[in-house]
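Worksheet: the structure to be examined is printed underneath.
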């Protein structure tokens with residue numbers, strides 16, 4: 001059942017079910033994200049084109065995301081989430097029949113549409129269930145699906161691919177896992193909130209089409225979304241090219257990198273609720289931006305597995321603090337009737353940052369090598385600090 005925020009109870013059946021569903025979905029997504037750059041290169045693509053596939057996916061997600069938010073606010077969450085997951089399955093099945101880079105780029109673009117739908121819908125469902133007083137902690141726990149999936153999904157994907165390039169095995173496993181997520185969604189007993197469709201978009205003196213356009217993004221979420229763009233842009237190269245770089249260094253078990261990062265993120269998010277209740281949102285956010293910037297610099301010098309694992313721990317600290325606190329700030333600073341649009345706005349920052357960053361960092365990787373690309377990424381990541389103070393600090397300094 002849907003739990004109203006006034007009960008101020010976080011650990012309900014609905015919350016646990018939406019977290020489990022999200023975990024299955026994220027496992028499939030992460031397995032595919034790990035496999036795709038390798039699959040692109042298997043089909044004869046360059047590193048920049050491998051990044052381009054991600055860029056096209058994210059660009060499509062960015063275009064669809066605002067309309068997804070509007071639909072979620074007006075017509076509900078659950079049915080749209082299921083549609084997004086079914087589209088993911090259809091696109092993934094298409095990968096098994098792909099023989100050219102052009103075909104793969106086309107499917108990746110359609111996959112971006114699916115991504116916009118299921119990530120925005122699932123995040124909005126979670127924010128419906130979480131009491132507002134527990135939003136930071138609740139979003140942090142819900143978002144644990146991402147690092148937990150990162151902990152072992154890349155290792156599983158790489159094991160499936162093996163030396164025989166069994167990419168289809170990964171894709172079929174993705175489909176099975178997402179079907180399980182669909183079954184969980186159908187059976188979770190989620191009840192749509194009473195706010196659905198209750199507040200129509202109102203802009204005086206404009207037509208209904210203009211109203212929709214002007215309200216596609218939730219302005220209350222923008223201050224949190226802007227620093228997130230720079231964080232994601234700066235680290236996009238890490239997300240796309242780390243397995244390729246590790247192989248070039250002769251490191252075969254780089255999947256442990258994701259495991260270490262996930263364990264640290266899990267630990268940080270379990271403890272961050274107590275930290276933010278004492279010091280607020282602002283200090284942990286600034287610390288996370290600094291740690292992420294220094295971690296990107298360190299990646300440019302790393303050549304051994306233990307060095308990558310140490311950096312993974314620091315990246316875990318940075319991501320463990322920044323993403324849930326920024327997401328929670330985006331929701332808290334937005335109208336409760338516009339939570340779908342607030343989540344869409346925040347996730348659009350990821351689309352912009354990772355989508356453009358994946359391609360641009362691929363160009364830097366081709367031109368400077370992957371270590372040089374990491375240094376460039378650090379330069380973009382550090383920009384999150386002045387953007388935070390210019391746009392968000394005044395909104396979160398009072399939050400606990």
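Things to note:
- The range 279-303 - residue that is without any contact (Cβ under 8 Å) to a residue 24 or more places away in the chain and out of contact with any helix residue (DSSP H, G or I) (no Cβ under 8 Å at 6 or more places or on another chain) and, of those, surrounded by the most Cβ atoms within 10 Å (Cβ to Cβ): 283
- Unique match (being crowded, with 17+ Cβ neighbours inside 10 Å, modelled with pLDDT under 85, closer than 21 Å to residue 286 by Cα and within 22 Å of the chain's Cα centre (by Cα)) among 382, 396: 396
Let's see how each residue does on (1) over 20 Å from the mean Cα position of the chain (by Cα); (2) at pLDDT below 90:
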{"residue": "239", "(1), (2)": "no, yes"}
{"residue": "244", "(1), (2)": "yes, yes"}
{"residue": "262", "(1), (2)": "no, yes"}
{"residue": "296", "(1), (2)": "no, no"}
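- Residue check, residue 45 within 30 Å of residue 165 (Cα to Cα), part of a helix (DSSP H, G or I) and in contact with a helix residue (DSSP H, G or I) (Cβ under 7 Å, 6 or more places away or on another chain): no
- Restricting the search to helices (runs of 4 or more DSSP H) fully inside the range 61-173 and requiring at least 3 residues that are more than 23 Å from residue 253 (Cα to Cα) gives 78-95, 101-129, 135-142.
- Residues that are modelled with pLDDT under 90 and over 30 Å from residue 272 (Cβ atoms) occur in the range 150-159; there is at least one.
- Residues within the range 7-30 that are modelled with pLDDT under 90, over 22 Å from residue 111 (Cα atoms), part of a helix (DSSP H, G or I) and touching a helix residue (DSSP H, G or I) at 6+ places or on another chain (Cβ under 9 Å), tallied: 2
- Residue match in the range 207-219 (condition: modelled with pLDDT under 85 and closer than 27 Å to residue 294 by Cα): no
- Just one of the numbered conditions (1) surrounded by fewer than 24 Cβ atoms within 10 Å (Cβ to Cβ); (2) closer than 26 Å to residue 165 by Cα is not true of residue 88: (1).
The values are calculated or read from the model by the stated rules, or taken from the named source; none is laboratory data. Keep in mind that what you see is a predicted model, and the values were worked out from it rather than measured. Because the Cβ atoms are built from the backbone with ideal geometry, glycine has one as well, and the counts that use them run over all protein chains shown.
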